[in-house]
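Remarks on the structure that follows.
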Amino acid sequence: MLAGMPPIIPGGKIDPAMLPTSLGVTRELEPHYRKLKAEEEKLRHELDAKQDKLRQGLVVWDRLELESKAWKTRVDFNEQSMMGLTEGPA
């Protein structure tokens, strides 16, 4: 059983000769498979960048929403104060 195992290569790399069998593709499909894997990696990187940008935008949105609510509360309080001053003892 150990005789059928691929040899251990220092650094944890896969033996290039064993790659098609470890990936489950034939040698004829290997170039196409590698191209698909490279495209997948590129798309994943682009998706991560878009998600980071969206996440940063949402953080800014939340912060501005909180500031807006705080200013609304201040305005409401000031309006109540002004109403109290104008309705004062007459």
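Of the residues making up region 1-16, those that are at pLDDT below 70 and surrounded by 10 or more Cβ atoms within 10 Å (Cβ to Cβ) are P6, I14, D15. Can you confirm whether region 30-39 contains a residue that is of a type outside the set (A, V, I, L, M, F, W, C) and at pLDDT 95 or above? Among the residues of region 30-39, at least one is of a type outside the set (A, V, I, L, M, F, W, C) and at pLDDT 95 or above, which makes the answer yes. Of all residues in region 17-29, those satisfying the criterion of being surrounded by 12 or more Cβ atoms within 10 Å (Cβ to Cβ) and at pLDDT below 75 are M18, L19, P20, T21, L23, V25. May I ask you to verify whether L36 is on the phi < 0 side of the Ramachandran plot and surrounded by fewer than 10 Cβ atoms within 10 Å (Cβ to Cβ)? So L36 fails the test. For beta carbons closer than 8 Å, sequence separation of 6+ or different chains, a first residue in region 38-52 that is of a type in the set (S, T, Y) and a second that is at pLDDT 95 or above and surrounded by fewer than 10 Cβ atoms within 10 Å (Cβ to Cβ), there are no qualifying pairs.
The values are calculated or read from the model by the stated rules, or taken from the named source; none is laboratory data. This structure is a prediction, so every number in the text was calculated from the model and none was measured. Heads up, the Cβs are rebuilt from the backbone with ideal geometry, glycines too, and the neighbour counts pull from every protein chain shown.
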